[in-house]
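Visitor: Sharing a structure with you now.
The values are calculated or read from the model by the stated rules, or taken from the named source; none is laboratory data. Computed from a prediction, not measured in an experiment: that's the story for all the values here. All Cβ positions, even for glycine, are placed from backbone atoms using ideal geometry, and neighbour counts span all protein chains on display.
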Amino acid sequence: MTRTALITGAAGGIGRAVAARLAADGLRVAGLDLSDPRLPGVAFHRADVTDTEQVRTAIDHAVDELGGLDVLVTCAGITEGAPLHLTTDEEWQRMLSVNLGSVFRCVREVLPTMMAAGSGAVVTVGSVLHRTAAPGLPAYAAAKGAIAALNRQLAVDYGRYGISFVTLSPGWVRTPATESRLAPGEEDLVRLRESNPMRAVVDAEAVAEAVVFAASPAAGLLTGSELVLDAGASVVSPASLLRDAHRVRMGLPPLDAR
(Lines give C-alpha, C1' and ligand atoms only; values in the text may rest on other atoms or scores of the structure.)
Protein backbone atom coordinates (compact mmCIF):
# COMPACT_ATOMS: atom_id res chain seq x y z
CA MET A 1 0.00 0.00 0.00
CA THR A 2 1.34 3.45 -0.95
CA ARG A 3 2.44 5.51 2.03
CA THR A 4 1.20 9.08 2.43
CA ALA A 5 2.89 12.21 3.74
CA LEU A 6 2.01 15.79 4.62
CA ILE A 7 4.74 18.45 4.60
CA THR A 8 4.27 21.86 6.21
CA GLY A 9 6.28 24.76 4.81
CA ALA A 10 6.38 22.88 1.51
CA ALA A 11 7.20 25.97 -0.55
CA GLY A 12 10.32 26.81 1.48
CA GLY A 13 13.83 25.57 0.80
CA ILE A 14 13.86 22.58 3.17
CA GLY A 15 10.14 21.80 2.89
CA ARG A 16 10.27 21.88 -0.89
CA ALA A 17 13.23 19.48 -0.96
CA VAL A 18 11.50 17.13 1.48
CA ALA A 19 8.22 17.14 -0.47
CA ALA A 20 10.02 16.56 -3.76
CA ARG A 21 12.10 13.70 -2.35
CA LEU A 22 9.17 11.88 -0.75
CA ALA A 23 7.12 12.23 -3.93
CA ALA A 24 10.04 10.92 -5.98
CA ASP A 25 10.24 7.95 -3.61
CA GLY A 26 6.67 7.06 -4.50
CA LEU A 27 4.76 8.44 -1.52
CA ARG A 28 1.51 10.30 -2.04
CA VAL A 29 2.38 13.79 -0.81
CA ALA A 30 0.42 16.87 0.20
CA GLY A 31 2.11 20.21 0.88
CA LEU A 32 0.85 22.86 3.29
CA ASP A 33 1.98 26.46 2.84
CA LEU A 34 0.89 29.96 1.88
CA SER A 35 2.38 29.49 -1.60
CA ASP A 36 2.07 26.60 -4.04
CA PRO A 37 5.41 24.75 -4.33
CA ARG A 38 4.35 23.60 -7.83
CA LEU A 39 6.02 20.23 -7.52
CA PRO A 40 5.07 17.14 -9.56
CA GLY A 41 3.17 14.67 -7.41
CA VAL A 42 2.61 17.13 -4.56
CA ALA A 43 -0.95 18.34 -3.90
CA PHE A 44 -1.05 21.90 -2.54
CA HIS A 45 -3.24 23.00 0.37
CA ARG A 46 -3.08 26.64 1.37
CA ALA A 47 -2.94 27.55 5.06
CA ASP A 48 -1.38 30.02 7.46
CA VAL A 49 0.19 27.75 10.09
CA THR A 50 -0.46 30.36 12.80
CA ASP A 51 -4.23 30.11 12.22
CA THR A 52 -5.91 27.13 13.90
CA GLU A 53 -8.98 27.06 11.64
CA GLN A 54 -6.92 27.28 8.45
CA VAL A 55 -4.66 24.48 9.66
CA ARG A 56 -7.61 22.29 10.62
CA THR A 57 -9.42 22.80 7.32
CA ALA A 58 -6.32 22.30 5.14
CA ILE A 59 -5.18 19.17 6.98
CA ASP A 60 -8.66 17.66 6.97
CA HIS A 61 -8.85 18.17 3.21
CA ALA A 62 -5.34 16.80 2.69
CA VAL A 63 -5.98 13.67 4.76
CA ASP A 64 -9.25 13.05 2.91
CA GLU A 65 -7.48 13.48 -0.42
CA LEU A 66 -4.61 11.19 0.57
CA GLY A 67 -6.93 8.60 2.10
CA GLY A 68 -5.12 8.66 5.44
CA LEU A 69 -1.76 9.81 6.71
CA ASP A 70 1.42 7.89 7.47
CA VAL A 71 3.96 10.71 7.78
CA LEU A 72 3.89 14.32 8.96
CA VAL A 73 6.99 16.50 8.46
CA THR A 74 6.84 19.97 10.01
CA CYS A 75 9.15 22.28 8.08
CA ALA A 76 7.27 25.59 8.44
CA GLY A 77 9.37 28.21 10.18
CA ILE A 78 11.07 31.59 10.01
CA THR A 79 14.46 32.84 11.17
CA GLU A 80 14.22 36.37 12.52
CA GLY A 81 15.36 38.01 15.68
CA ALA A 82 16.98 40.69 17.77
CA PRO A 83 18.76 40.76 21.13
CA LEU A 84 16.28 40.11 23.92
CA HIS A 85 16.26 43.70 25.23
CA LEU A 86 15.19 44.86 21.76
CA THR A 87 12.60 42.12 21.16
CA THR A 88 9.00 43.30 21.37
CA ASP A 89 6.13 41.20 22.69
CA GLU A 90 4.74 41.01 19.16
CA GLU A 91 8.04 39.76 17.70
CA TRP A 92 8.40 37.18 20.47
CA GLN A 93 4.88 35.87 19.98
CA ARG A 94 5.26 35.75 16.18
CA MET A 95 8.42 33.65 16.39
CA LEU A 96 6.84 31.24 18.88
CA SER A 97 3.60 31.01 16.90
CA VAL A 98 5.27 30.26 13.55
CA ASN A 99 8.10 28.01 14.75
CA LEU A 100 6.54 26.24 17.74
CA GLY A 101 2.81 26.88 17.59
CA SER A 102 2.65 25.53 14.04
CA VAL A 103 4.05 22.20 15.25
CA PHE A 104 1.48 22.06 18.05
CA ARG A 105 -1.41 22.86 15.70
CA CYS A 106 -0.41 20.46 12.92
CA VAL A 107 0.53 17.52 15.15
CA ARG A 108 -2.66 17.94 17.18
CA GLU A 109 -4.69 17.80 13.98
CA VAL A 110 -3.12 14.61 12.59
CA LEU A 111 -2.95 12.64 15.83
CA PRO A 112 -6.53 11.25 15.71
CA THR A 113 -5.93 9.85 12.21
CA MET A 114 -2.65 8.21 13.21
CA MET A 115 -4.08 6.93 16.50
CA ALA A 116 -6.98 5.32 14.68
CA ALA A 117 -4.57 3.69 12.23
CA GLY A 118 -2.28 2.47 15.01
CA SER A 119 0.80 3.80 13.25
CA GLY A 120 2.47 6.96 12.01
CA ALA A 121 5.70 8.93 11.91
CA VAL A 122 6.13 12.58 12.84
CA VAL A 123 9.37 14.33 11.95
CA THR A 124 9.72 17.83 13.42
CA VAL A 125 12.40 20.04 11.92
CA GLY A 126 14.10 21.92 14.72
CA SER A 127 17.53 23.56 14.77
CA VAL A 128 20.93 22.99 16.25
CA LEU A 129 20.65 26.55 17.62
CA HIS A 130 18.94 25.30 20.75
CA ARG A 131 22.14 23.35 21.52
CA THR A 132 24.56 26.06 20.44
CA ALA A 133 23.79 29.77 20.07
CA ALA A 134 24.02 32.52 17.49
CA PRO A 135 23.83 36.22 18.33
CA GLY A 136 20.43 37.88 18.35
CA LEU A 137 18.08 34.89 18.04
CA PRO A 138 16.57 34.36 21.53
CA ALA A 139 12.98 33.73 20.41
CA TYR A 140 14.09 31.43 17.60
CA ALA A 141 16.33 29.40 19.92
CA ALA A 142 13.60 29.16 22.55
CA ALA A 143 11.07 27.90 19.98
CA LYS A 144 13.43 25.31 18.54
CA GLY A 145 14.43 24.06 21.98
CA ALA A 146 10.77 23.69 22.88
CA ILE A 147 10.18 21.63 19.73
CA ALA A 148 12.72 19.05 20.90
CA ALA A 149 11.17 18.97 24.38
CA LEU A 150 7.66 18.64 22.96
CA ASN A 151 8.78 15.79 20.72
CA ARG A 152 10.10 13.82 23.68
CA GLN A 153 6.81 14.29 25.50
CA LEU A 154 4.80 13.20 22.45
CA ALA A 155 6.94 10.08 22.10
CA VAL A 156 5.99 9.12 25.66
CA ASP A 157 2.30 9.93 25.29
CA TYR A 158 1.63 8.34 21.89
CA GLY A 159 4.12 5.51 21.55
CA ARG A 160 1.43 3.04 22.57
CA TYR A 161 -0.44 3.99 19.40
CA GLY A 162 2.50 3.02 17.22
CA ILE A 163 3.40 6.64 16.40
CA SER A 164 7.07 7.66 16.37
CA PHE A 165 8.40 11.19 16.90
CA VAL A 166 11.86 12.27 15.76
CA THR A 167 13.29 15.79 15.80
CA LEU A 168 15.73 16.65 13.02
CA SER A 169 17.98 19.57 13.98
CA PRO A 170 20.04 21.00 11.11
CA GLY A 171 22.72 23.60 11.36
CA TRP A 172 23.13 26.17 8.59
CA VAL A 173 21.41 24.79 5.48
CA ARG A 174 22.09 26.05 1.97
CA THR A 175 18.76 27.25 0.52
CA PRO A 176 17.85 30.23 -1.68
CA ALA A 177 16.80 32.17 1.43
CA THR A 178 19.99 31.51 3.40
CA GLU A 179 22.25 32.05 0.38
CA SER A 180 20.70 35.48 -0.15
CA ARG A 181 22.21 36.55 3.17
CA LEU A 182 25.77 35.60 2.23
CA ALA A 183 28.31 38.08 0.91
CA PRO A 184 28.93 37.95 -2.85
CA GLY A 185 31.57 35.45 -3.87
CA GLU A 186 32.73 32.29 -2.14
CA GLU A 187 34.26 33.69 1.07
CA ASP A 188 31.27 33.04 3.32
CA LEU A 189 30.80 29.52 1.94
CA VAL A 190 34.47 28.79 2.57
CA ARG A 191 34.09 29.98 6.18
CA LEU A 192 31.04 27.79 6.62
CA ARG A 193 32.92 24.76 5.31
CA GLU A 194 35.84 25.47 7.61
CA SER A 195 33.51 25.68 10.62
CA ASN A 196 32.89 21.93 10.76
CA PRO A 197 35.04 18.78 10.78
CA MET A 198 33.57 17.43 7.52
CA ARG A 199 34.43 20.63 5.62
CA ALA A 200 30.92 20.46 4.18
CA VAL A 201 27.96 22.72 3.58
CA VAL A 202 24.64 21.03 4.32
CA ASP A 203 22.05 21.51 1.59
CA ALA A 204 18.28 21.00 1.62
CA GLU A 205 18.60 17.70 -0.23
CA ALA A 206 20.76 16.31 2.59
CA VAL A 207 18.04 17.28 5.07
CA ALA A 208 15.47 15.55 2.87
CA GLU A 209 17.61 12.41 2.85
CA ALA A 210 17.66 12.43 6.65
CA VAL A 211 13.89 12.91 6.73
CA VAL A 212 13.44 9.83 4.54
CA PHE A 213 15.22 7.76 7.17
CA ALA A 214 13.61 9.45 10.20
CA ALA A 215 10.13 8.87 8.73
CA SER A 216 10.75 5.26 7.78
CA PRO A 217 9.44 2.28 9.76
CA ALA A 218 13.08 1.33 10.38
CA ALA A 219 13.52 4.48 12.48
CA GLY A 220 10.57 3.79 14.75
CA LEU A 221 12.78 2.75 17.66
CA LEU A 222 14.44 6.18 17.55
CA THR A 223 11.24 7.79 18.83
CA GLY A 224 11.89 10.67 21.19
CA SER A 225 15.35 11.18 19.71
CA GLU A 226 16.95 14.20 18.10
CA LEU A 227 19.13 13.82 15.00
CA VAL A 228 21.65 16.64 14.50
CA LEU A 229 22.63 17.39 10.90
CA ASP A 230 25.41 19.99 10.87
CA ALA A 231 28.52 18.14 9.62
CA GLY A 232 29.81 18.09 13.21
CA ALA A 233 29.92 21.88 13.70
CA SER A 234 28.15 21.79 17.06
CA VAL A 235 30.59 19.32 18.63
CA VAL A 236 33.78 21.09 17.68
CA SER A 237 35.84 23.46 19.82
CA PRO A 238 36.45 26.70 17.88
CA ALA A 239 40.17 26.48 18.71
CA SER A 240 40.41 23.17 16.89
CA LEU A 241 39.51 24.86 13.61
CA LEU A 242 42.18 27.55 13.71
CA ARG A 243 44.66 27.62 10.85
CA ASP A 244 47.79 25.57 11.46
CA ALA A 245 50.02 28.58 12.21
CA HIS A 246 47.71 29.66 15.01
CA ARG A 247 47.32 26.11 16.27
CA VAL A 248 51.08 25.64 16.59
CA ARG A 249 51.39 28.87 18.59
CA MET A 250 48.69 27.57 20.94
CA GLY A 251 50.50 24.26 21.38
CA LEU A 252 47.94 22.33 19.30
CA PRO A 253 48.91 19.84 16.57
CA PRO A 254 48.38 20.79 12.91
CA LEU A 255 45.06 19.70 11.44
CA ASP A 256 46.79 17.38 8.97
CA ALA A 257 49.02 15.72 11.60
CA ARG A 258 49.08 11.93 11.25
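Visitor: Using the structure shown, decide if Gly15 is within 15 Å of the chain's Cα centre (by Cα), modelled with pLDDT of 95 or more and surrounded by 15 or more Cβ atoms within 10 Å (Cβ to Cβ).
Guide: It is true that Gly15 is within 15 Å of the chain's Cα centre (by Cα), modelled with pLDDT of 95 or more and surrounded by 15 or more Cβ atoms within 10 Å (Cβ to Cβ).
Visitor: Here's another thing I want to ask about it. Taking helices (runs of 4 or more DSSP H) that do not extend beyond segment 165-218, which have at least 2 residues that are at pLDDT 95 or above and under 13 Å from the mean Cα position of the chain (by Cα)?
Guide: Correct list: 204-214.
Visitor: With respect to Ala141, determine if the residue is assigned to a helix (DSSP H, G or I), over 14 Å from Val122 (Cα atoms), out of contact with any Gly (no Cβ under 7 Å at 6 or more places or on another chain) and touching a residue at least 12 places away in the same chain (Cβ under 8 Å).
Guide: So Ala141 fits the description; yes.
Visitor: Does any residue of segment 41-55 turn out to be in a helix (DSSP H, G or I) and either among the hydroxyl-bearing types (Ser, Thr, Tyr) or within 19 Å of Pro176 (Cβ to Cβ) (or both)?
Guide: Checked against the condition, which is being in a helix (DSSP H, G or I) and either among the hydroxyl-bearing types (Ser, Thr, Tyr) or within 19 Å of Pro176 (Cβ to Cβ) (or both), segment 41-55 yields at least one hit.
Visitor: Could you check Ala121 against (1) within 16 Å of the chain's Cα centre (by Cα); (2) assigned to a helix (DSSP H, G or I) and say which number it fails?
Guide: So the condition that Ala121 fails would be (2).
Visitor: Restricting to segment 20-31, count the residues that are in a helix (DSSP H, G or I) and without any contact (Cβ under 8 Å) to a residue 40 or more places away in the chain.
Guide: Counting residues in segment 20-31 that are in a helix (DSSP H, G or I) and without any contact (Cβ under 8 Å) to a residue 40 or more places away in the chain gives 2.
Visitor: Yes or no: Leu150 surrounded by fewer than 22 Cβ atoms within 10 Å (Cβ to Cβ), in contact (Cβ under 8 Å) with a residue 24 or more places away in the chain and either in contact with a Leu (Cβ under 7 Å, 6 or more places away or on another chain) or among the aliphatic types (A, V, I, L, M) (or both)?
Guide: Criteria met by Leu150.
Visitor: Output the number of the condition that Leu129 fails; it satisfies all remaining conditions of (1) more than 23 Å from Ser237 (Cα to Cα); (2) in contact with a helix residue (DSSP H, G or I) (Cβ under 6 Å, 6 or more places away or on another chain).
Guide: Of the numbered conditions (1) more than 23 Å from Ser237 (Cα to Cα); (2) in contact with a helix residue (DSSP H, G or I) (Cβ under 6 Å, 6 or more places away or on another chain), the odd one out for Leu129 is (1).
Visitor: Could you say which residue among Leu100, Leu72, Leu96 is aliphatic (A, V, I, L, M), in a strand (DSSP E or B) and either within 25 Å of Ser169 (Cα to Cα) or free of Cβ contacts under 8 Å to residues at least 24 places away in the same chain (or both)?
Guide: So the residue among Leu100, Leu72, Leu96 that is aliphatic (A, V, I, L, M), in a strand (DSSP E or B) and either within 25 Å of Ser169 (Cα to Cα) or free of Cβ contacts under 8 Å to residues at least 24 places away in the same chain (or both) is Leu72.
Visitor: Just to be sure, is Thr79 closer than 27 Å to Leu227 by Cα, part of a helix (DSSP H, G or I), touching a residue at least 40 places away in the same chain (Cβ under 8 Å) and not hydrophobic (A, V, I, L, M, F, W, C)?
Guide: In short, no.
Visitor: Which residues, taken from segment 219-235, are at pLDDT 85 or above and β-branched (Val, Ile, Thr)?
Guide: Hits for segment 219-235 are Thr223, Val228.
Visitor: Looking only at residues that are touching a residue at least 24 places away in the same chain (Cβ under 8 Å) and out of contact with any Leu (no Cβ under 8 Å at 6 or more places or on another chain) in segment 103-116, which one is surrounded by the fewest Cβ atoms within 10 Å (Cβ to Cβ)?
Guide: Met115
Visitor: Being in contact (Cβ under 8 Å) with a residue 12 or more places away in the chain and among the basic types (Lys, Arg) is the filter here, so list the residues in segment 171-198 that pass it.
Guide: The answer is Arg174, and nothing else.
Visitor: Here's a follow-up. Quick check on segment 153-181: of everything there that is small (Gly, Ala, Ser) and in contact with a Leu (Cβ under 9 Å, 6 or more places away or on another chain), which residue is farthest from Gln93 (Cα to Cα)?
Guide: Ser164
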